[in-house]
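Below is one structure, written out as structure tokens, with a few remarks after it.
Every number here is computed from the coordinates shown, using simple stated rules; none is lab data. Please read these numbers as outputs of a predicted model, since none were measured by experiment. Neighbour counts are summed over all protein chains in view; Cβ atoms, including those assigned to glycine, are modelled from backbone coordinates with ideal geometry.
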Amino acid sequence: MPRWAPRFIVRLTRNRIVPSSSRRWDIKKSLYLGVIGFIACHLYCRLFGDTCPLVSLSCFQTPQRIPHDEAVRQEFRPTKVGDSFGPTWWTCWFKVELSIPREWAGKEVHLLWESDGEGMVWRDAQPVQGLTKEGEKNSYILTDGLKETEPHSLTVYVEVACNGLFGAGKGSLIAPPDPDKKFTLNKAELVVFNRDVHELLVDFEILVDMAKLLGEENQRSFQALYVANQMVNLLDVTDSCTFPAVRHLASSIFSQKNGESQHTIHAMGHCHIDSAWLWPYEESIRKCARSWVTVIRLMEKNPEFTFVCSQAQQFEWVRNWYPGLYAQIQDYAKEGRFIPVGGTWVEMDGNLPSGESMVRQFLQGQRFFQQQFGKLCSEVRMMKTMNNNRDKGRVNHSAALFGFGDGGGGPTQKMLDRLKRMSDTNGLPRVQMSTPDRFFSMLEKEKTQLFTWIGELFLELHNGTYTTQTQIKKGNRECERILHDAEVLSSFALTQKNTFQYPSIKLQHLWRLLLLNQFHDVLPGSCIQLVVEDADGSVTMENGVIAAHLDSMGRVMSLRLVHSGRKPITTLLKPLEIVLAGGLRGSVKFSLQISERSVITQEVILDAMCPYLRFLTQVDWNEAHRFLKVEFPLQVRSMNATYEIQLGHLQRPTHWNTSWDWARFEVWSHKWMDLSEHGFGVALLNDCKYGASVHKNVMSLSLLRAPKSPDATADIGPHEFTYAVMPHRGSFQEAGVIHYAYNLNFPLHTVPAVSAQCPAWSAFSVHSPAVVLETVKQARAEDRLDGLVVRLYESHGSTVVTWLQTSLPVKEAISCDLLERPDLSSHLPLEEHGLKLSFTPFQVRSVLLILRQ
Ligand SMILES: [Zn+2]
């Protein structure tokens, strides 16, 4: 065995050749490289011992994702290591017959499986282990130490999805998937796993990391390297009798404890699984199973291991598709180790869903966790950000989530083994396996030391996500409207006819479908084409179930606000035709060739008694790497523009003074935006757009983009949308901009009256124009079926007291929270004018109305 490298190192150390600092660094580097080389040459290769071929290996392929029971009934054909399978998105099921050699009794035996794609091992018709090479999981532990009496022969199945942990991008991660990719099985055999070599490797790796990462002058860095060097000299890799003494040396440095002031890291296993991104929803279901079953295996072996897991939707998937695994998860959840967190249905995009959708993310998520795990999640989406703790001087606790993520994968045994050694080692932060409850209760004690961030958290690297995949965004706005209307009408029907069955199950199903499509790579449009098809299908389903002065050249010369004498717009157009010339509606139509391949057609409509000019727009869009925006240069000057956000609005600068301003060249907005100076302003309304900007006096709305990754077909084809421009006097609040934006998005429904004598009827009215009645729905809890929940919010940014009047047979009114839990100490008196409600700026209030039978 070549031992020259370590001996060379020893001689340098013992001779203490430290003539100068540069010489010292050379020596340290030599030591470091020597140890690294030793590990690479002599340890990794000894991780696995004897090998044994499989008894037989056969496979069958399918383009479908089918259940195990169905798969094992198929005809399997012989295959061998080195064979290819696929293409992309197919599934290859392998039947593995194996027999562990008698002479391996008492040894730890693994099924070593190295292949492209993501695998799942099935044993006795149950999923038992996820296999992903990118997630450093390429073996399944058949036995920790086989007993003579145990069966040595068995059959397992390996289900391999023809996609990697990060999909199947052609050439790069976020390139569109390569549909013709082939996958190869590189290794499939039985192997003796040398656990003692694994433990030595973990010791060495931590010491080498300490030497490298603690800094050149750090004393512990030198100490770690010195100990690693000693270990190399003491170790005879061919003689396991030398291992304990070597490991003792390592533990001598790991067990040197920190002082009292050392920072504590609360470690929790985690595995971020995008519910869809570079792979479709169906694959995410399997990703959850692969990742979580692996977590269960780790929990069986590591009693201290905790794992936090978000997204109720993913739990629901596993509940439906992998009930056996789900039962095990519930058991560990009861122990407080498999911990649901976040409280939302999915990890939704934080900007684009409506305010009510945000409420429903929590309502549906928390309801699920309460029903399934007996408790609500007490913490939200901040787990990830706690990783990058910038308040080290202020607080002494931070959270660290460990495990492969995005495409699933999760923690590995090696990660857990490293954490155990680093629990309290001088020079390293203390690490303890923790829970969100424990972490936040520690942070609670230090909360007065923490900074508070005021305003929006703008993620400047996430550009383009307010516009791309415009059909998904339009579908989102439409579904929010449809569900709103369906709930309002169902609620009214409930109060009029006590035999009416409120469609609560159907509405819950539809809400959950919408909430799923608000996932943070779906609604923003950062997903592949397969996901877009899934999301478009959902919109179709939701719809199914709920079922100016113009010159002769067509130029909008100006838009004049009557009595104000102000001209806000000049935009170039092409020749037009007059569609409607007078009466209650006037409209003109024109088409514009905006490039060789794209055409825009607009009907510009002005209705009587309506303060805004509507642009009903059709675009045939066939572009590459282009952005379509509409700009309105205005005669308005203001340092800030106002944009609607969920249940409120905020102001952003119209200038680019700082880098932060520059980064906000495009911002997100909901139904309206406004640029006003004292006494006059212009609002821009829309029915399905989210990207906007105001720079100096130019107001822009982002209409369409044409990115090519990860979906090369994104937004190619026909589109239809509406925006409207509304000049106004006074402030936007006084002009009713919020009110008119609702009108554009929620057009009046007309239905035939039951009889000509049908009296005029109004269910609700709110006296203050500042307060919006956003939602009317049936109350949540089963014992409140005779109740409705109404949600109102203050929209002007003012403190107001108002009356909510209703003609519904209300006998009792109680304040409740967003999860519809009544505050029994807050009964609201029913007075002659209705309910008196007070609001602070942007306050959201929910009221439970108990109806008379
Ligand atoms: Zn993600």
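Here are a few things to note about the model shown:
- Across all directions, the average flat footprint of the convex hull enclosing the Cα atoms of the chain is 45.4 nm².
- Segment residue 245-residue 424, extension gain: residue separation times 0.36 nm, minus the distance between their alpha carbons: 62.3 nm
- Rough spin-label spacing in nm, given labels placed 7 Å along Cα→Cβ, for residue 371 and residue 262: 4.6
- Sorting 296-304, 202-210 by average packing, meaning the other beta carbons within 10 Å per residue, from highest down gives 202-210, 296-304.
- When each of the peptides 251-264, 638-651 is scored by how many other beta carbons lie within 10 Å of its residues on average, the order from highest to lowest is 638-651, 251-264.
- Length released on extending from residue 184 to residue 55, taking residue separation times 0.36 nm less the Cα-Cα span: 44.5 nm
- Share, in percent, of DSSP beta bridges within the chain that are antiparallel, nearest 5: 90
- Cross-link pairs beyond the 20 Å C-alpha cut-off, checked among 473/589; 811/836; 375/447; 301/420: 473/589; 375/447
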